[in-house]
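Below: the structure, in structure tokens.
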Amino acid sequence: MRSILLLAILTAFFRCAFSQEKMYIHRSDHVSHGAGVEDTDSIWFSPDGSVGSFKIKDSIAQYWLCFIDSISFGPDEKTVSVLFDGTAAYVKNPFAFEGVTVEISGADVYVKSVTDTQDIHYRLSGTTSNGMFKIYSEKRFNLELNNVNITNTDGPAINIQSKKKATITLAGGTTNIIADGAIYTDAWGDGGLEDQKAAFFSEGKMVFDGTGSLDITGSGSDKHALCSDDEIEFINGTITITSLQKDGIHAKEGITVTGGNLSITSANDGIDAGEAFIEISGGNIDVATTADDVNGITCDSTLVISGGSVEVTVSGTQSKAIKSDQNMTLSGGLITINTLGAAALEASGSGYDPSYCTAIKCNNIIAIDGAEIIITSSGAGGKGISSDTDIIVADGDISVSATGNGSTYTNSTGVKDSYHASCITADGNITIINGSVTLKATGSAGKGISCDGTLVIGSAADMPVINVTTSGSRITLSSSSGGGWPGGPGQQTGDYDESKAITCDGAVVINNGSITIASADDGIKSGTSVTISNATVNITNAYEAIESPSITVNSGNVSLVATNDGFNATYGNGGETNDGSILNLYGGKITANVSNGDGLDSNGNIVMTSGTVIVHGPSSQPEVGMDFNGTFNISGGFLIVSGSNSNMTEAPNSSSQQYSVKAITGSSLSSSTLFHLQAQDGTSLVTFKPVRNYSSVIFSSPALANGSTYKLYTGGTCTGTETNGLYSGGTYSGGTLKKSFTISGKVISISF
């Protein structure tokens with residue numbers, strides 16, 4: 001028998017030696033060892049014929065002949081092939097005599113590579129319901145998944161115990177499936193107890209490429225679906241991940257996505273880069289999480305999205321869709337986020353601290369420069385874009401809809417407080433240089449833009465387009481009774497959390513752009529100042545349109561519609577004394593249309609030097625077209641104010657440089673009745689049509705001259721062009737002369 005076997009081997013050897021490059025020793029344990037023909041010096045047998053010896057290079061390999069099924073010859077392959085077949089596995093190892101050893105136990109395959117050769121190729125195929133692939137490698141390598149389906153009931157299905165880079169290729173046209181079991185068995189290696197953190201786990205960097213697909217299901221207790229203790233990079237492929245316990249993708253040293261399709265459903269974080277970075281420049285990512293207090297995409301370092309498509313849905317209480325601890329840059333791509341989770345109250349001090357479900361959350365600076373962002377937030381108190389420091393929008397297209405209601409709670413100091421939804425909010429400053437921003441907050445006390453610092457919009461060369469809508473009811477924290485006028489006796493006063501379009505503790509500086517606001521309460525409110533230059537500000541609905549201790553309009557077009565005040569310069573203390581606040585009207589075109597408040601209201605002073613100001617004031621007292629506690633000095637510009645006949649009806653002060661007329665009638669005139677002033681020679685000074693019934697008109701213009709006589713008409717018609725109630729050009733006719741008067745001082749009061 002020994003002679004026959006020897007003859008067969010030698011015959012085959014010499015027949016093939018000159019035409020083939022590799023000799024393959026096929027063992028009965030399903031592992032085939034490959035040796036180079038040129039490297040094989042000789043073959044001999046033990047005297048009893050039980051052991052065959054192969055001299056390959058400078059070493060001798062010995063095999064029990066009973067464990068050799070056959071020997072064949074073939075091309076010099078460069079791939080270690082692993083075929084899973086039910087409860088067994090078959091391996092063809094062409095590097096068996098070059099430092100790569102393979103062992104099989106059932107369908108468990110163990111590879112150990114100590115070769116100096118880099119980029120050895122391993123190919124996995126076949127199916128097993130109770131197997132695994134584990135590899136130790138001292139050099140980087142390639143792992144091809146070629147229609148492989150591995151389930152390991154007691155550990156990772158693929159376990160890379162190597163700190164070297166592994167390039168995982170998903171072969172084109174293939175479907176690959178990886179799954180683990182619920183309970184892992186401890187694994188011991190040369191260094192002690194080994195990490196087994198996921199269904200697909202690696203100690204080193206993983207790079208995914210290829211055009212095939214990969215499905216990973218992680219169900220291990222306290223285990224991830226895909227995990228690396230190094231970095232993970234996605235270049236191509238379609239990867240679907242389901243994690244039933246922890247993170248879908250977890251990488252200790254960072255995550256990079258340049259292409260491919262990732263779909264992740266997880267019970268914990270969807271994509272977690274730990275203390276490292278996340279960079280997304282391409283591909284399509286879809287993440288969905290359902291648990292409370294988890295994140296869709298998160299890292300403790302920097303997070304950059306510069307391209308691709310990212311869609312995240314989080315439904316758990318206080319969960320975050322995209323979160324980073326360090327700077328976040330969103331410079332490209334399409335980012336779509338849906339948050340459904342509510343706020344959570346966490347015990348703190350004598351009460352609670354609220355924590356919110358947030359679409360984009362950063363503990364540092366958020367910089368948006370070119371990304372398209374679409375956010376829908378429906379949970380109570382939900383936040384759209386939130387930073388613990390600053391938000392900078394250099395460019396991009398942002399749309400945020402926050403529909404969640406606010407609510408009251410007891411804060412950490414034991415005081416009744418409230419929380420609310422916000423579209424964009426920052427603990428520091430917000431800068432919107434350019435781009436398009438559309439915000440809608442419909443829940444109770446919802447906010448459009450809010451920050452503790454300053455808000456800067458536009459620049460000399462950049463004109464952002466901003467649309468903000470809030471429509472929710474206010475939240476009552478405390479109330480008391482008074483009367484008379486708002487803030488006075490008999491009127492409901494107290495502490496409220498109200499829906500505001502823009503609210504900042506610091507200054508609001510609008511340098512340029514187009515801002516359109518419709519708000520259930522304040523349009524723009526600042527605890528410091530509001531400054532408008534060059535911009536178009538159109539507040540179509542508000543309780544108070546613009547409120548701040550200091551309000552300045554340098555230029556631009558400002559249109560205000562409010563149920564209370566148009567401009568309200570105040571420190572918020574109420575009363576009729578001068579509180580030091582200021583309303584500066586230095587230029588531009590301003591229209592204020594108020595139904596139950598003051599068009600121009602300052603608890604301090606008003607200064608006007610230029611521009612055009614049109615006020616459609618209230619029709620009944622005690623509210624008036626304009627109201628100030630200090631002085632109103634006008635030195636230039638065009639001013640027309642309609643309003644009620646009240647003992648509070650005021651004109652600019654006599655200390656002004658420009659002349660003014662205060663005209664009052666004892667009977668109310670209908671809004672269809674024109675108010676017209678002309679000079680003695682018939683030159684028109686103003687033709688005005690108020691929005692509502694009126695009993696007073698305040699008028700000031702550089703055209704008024706001391707000693708000149710003017711005529712006041714009501715009614716009639718005008719062929720000119722009407723804009724915001726003010727006519728330009730054309731001819732006035734048909735009115736009734738009510739009064740002729742001569743300017744004899746800086747302010748003249750007349751009755752008509």
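The values are calculated or read from the model by the stated rules, or taken from the named source; none is laboratory data. Just so it is clear, the model here is predicted, and its values are computed rather than measured. Positions of Cβ are generated from backbone atoms using ideal geometry, with glycine treated the same way; all protein chains shown enter the neighbour counts.
For segment 526-557, give me each residue that is under 20 Å from SER581 (Cα atoms) and surrounded by 24 or more Cβ atoms within 10 Å (Cβ to Cβ).
SER526, VAL530, ILE532, GLU544, ALA545, ILE546, GLU547, SER548, ILE551, VAL553
Checking the condition surrounded by fewer than 21 Cβ atoms within 10 Å (Cβ to Cβ) and touching a Ser or Thr at 6+ places or on another chain (Cβ under 8 Å), which residue from LYS112, LYS163, LYS92 passes?
LYS112
Considering only residues that are assigned to a strand (DSSP E or B) and either in contact with a Cys (Cβ under 6 Å, 6 or more places away or on another chain) or within 21 Å of GLY446 (Cβ to Cβ) (or both), which ones fall in segment 513-529? Can you show your working first?
Our first condition is that a residue be assigned to a strand (DSSP E or B); within segment 513-529, this holds for 514-518, 524-526.
ILE515, THR516, ILE517, ALA518, ILE524, LYS525, SER526, listed by residue number.
Go through ALA359, ALA321, ALA380 for me and flag whichever is more than 9 Å from the chain's Cα centre (by Cα) and crowded, with 22+ Cβ neighbours inside 10 Å. If you could, list the steps in order and put the result at the bottom.
Details: ALA359 fails: more than 9 Å from the chain's Cα centre (by Cα); ALA321 fails: more than 9 Å from the chain's Cα centre (by Cα).
Answer to the check: ALA380.
Can you go through SER162, SER125 and tell me which one is assigned to a loop (DSSP other than H, G, I, E, B), touching a residue at least 40 places away in the same chain (Cβ under 8 Å) and hydroxyl-bearing (Ser, Thr, Tyr)?
Every option except SER162 fails the conditions.
Within segment 411-454, count every residue that is of a type in the set (S, T, N, Q), farther than 19 Å from GLY527 by Cβ and not in a loop (DSSP other than H, G, I, E, B).
Residues flagged as of a type in the set (S, T, N, Q), farther than 19 Å from GLY527 by Cβ and not in a loop (DSSP other than H, G, I, E, B) within segment 411-454 amount to 3.
Do we find a residue being touching a Gly at 6+ places or on another chain (Cβ under 7 Å), more than 23 Å from ASN284 (Cβ to Cβ) and in contact (Cβ under 8 Å) with a residue 60 or more places away in the chain anywhere in segment 166-184?
Checked segment 166-184: no residue is touching a Gly at 6+ places or on another chain (Cβ under 7 Å), more than 23 Å from ASN284 (Cβ to Cβ) and in contact (Cβ under 8 Å) with a residue 60 or more places away in the chain.
Going by the structure shown, is THR336 in a strand (DSSP E or B), surrounded by 17 or more Cβ atoms within 10 Å (Cβ to Cβ), touching an Asp or Glu at 6+ places or on another chain (Cβ under 6 Å) and not acidic (Asp, Glu)?
For THR336, the condition - in a strand (DSSP E or B), surrounded by 17 or more Cβ atoms within 10 Å (Cβ to Cβ), touching an Asp or Glu at 6+ places or on another chain (Cβ under 6 Å) and not acidic (Asp, Glu) - is met.
Out of all the residues in segment 52-82, which are in a loop (DSSP other than H, G, I, E, B) and within 21 Å of HIS121 (Cβ to Cβ)? It would help to see each step written out before you state the result.
First pass over segment 52-82, keeping only residues in a loop (DSSP other than H, G, I, E, B): 57-58, 75-78.
Within segment 52-82, PRO75, ASP76, GLU77, LYS78 qualify.
Could you please give the count of residues in segment 670-684 that are more than 52 Å from the chain's Cα centre (by Cα) and either buried (at least 22 other Cβ atoms within 10 Å of the Cβ) or assigned to a strand (DSSP E or B) (or both)?
Total meeting the criteria: 5.
Give just the number: which of (1) touching a residue at least 40 places away in the same chain (Cβ under 8 Å); (2) under 30 Å from ALA179 (Cα atoms) does LYS112 not satisfy?
Failing condition for LYS112: (1).
Tell me whether segment 642-653 contains one or more residues that are in a strand (DSSP E or B), outside the structural domain of ASN706 (by TED's automatic domain parsing) and not charged (D, E, K, R).
No.
Note down all Cβ pairs under 6 Å where the first residue falls in segment 548-564 and is touching a residue at least 24 places away in the same chain (Cβ under 8 Å) and over 17 Å from ASP598 (Cβ atoms), the second is among the polar types (S, T, N, Q) and not in a loop (DSSP other than H, G, I, E, B), and they're at least six residues apart or on different chains.
Sorted first by the residue in segment 548-564, then by its partner, the pairs are THR552/THR531; THR552/ASN584; ASN557/THR536.
Confirm whether ILE373 is within 23 Å of PRO464 (Cβ to Cβ), in a strand (DSSP E or B) and in contact with a Leu (Cβ under 9 Å, 6 or more places away or on another chain).
yes
What pairs can you find where one residue is in segment 458-470 and under 8 Å from ALA518 (Cα atoms), the other is among the charged types (D, E, K, R), and their Cβ atoms are less than 8 Å apart, with a gap of 6+ or different chains?
VAL468/LYS440; THR469/LYS440; THR470/LYS440; THR470/LYS447; THR470/LYS500; THR470/ASP521
Restrict the check to segment 220-234 and report whether at least one residue is more than 26 Å from GLY155 (Cβ to Cβ) and modelled with pLDDT of 95 or more.
Looking for residues that are more than 26 Å from GLY155 (Cβ to Cβ) and modelled with pLDDT of 95 or more, one finds none in segment 220-234, hence no.
If you go through segment 261-293 one residue at a time, how many are surrounded by 24 or more Cβ atoms within 10 Å (Cβ to Cβ) and not in a strand (DSSP E or B)?
3
For segment 536-584, give me the residue count where each residue is assigned to a loop (DSSP other than H, G, I, E, B), among the aliphatic types (A, V, I, L, M) and over 17 Å from ALA518 (Cβ atoms).
0
So how many residues does segment 586-633 have that are crowded, with 24+ Cβ neighbours inside 10 Å, of a type in the set (Val, Ile, Thr) and not in a strand (DSSP E or B)?
Here the count works out to 1.
I need a count of the residues in segment 234-257 that are more than 16 Å from ALA179 (Cα to Cα), free of Cβ contacts under 8 Å to residues at least 40 places away in the same chain and assigned to a loop (DSSP other than H, G, I, E, B).
2
I need a count of the residues in segment 217-233 that are of a type outside the set (A, V, I, L, M) and outside any loop (DSSP other than H, G, I, E, B).
Within segment 217-233, residues that are of a type outside the set (A, V, I, L, M) and outside any loop (DSSP other than H, G, I, E, B) number 7.
Please find, within segment 713-752, the residue that is nearest to the chain's Cα centre (by Cα) out of those that are part of a loop (DSSP other than H, G, I, E, B), surrounded by fewer than 14 Cβ atoms within 10 Å (Cβ to Cβ) and touching a residue at least 24 places away in the same chain (Cβ under 8 Å).
Once the filter is applied, the top-ranked residue is GLY745.
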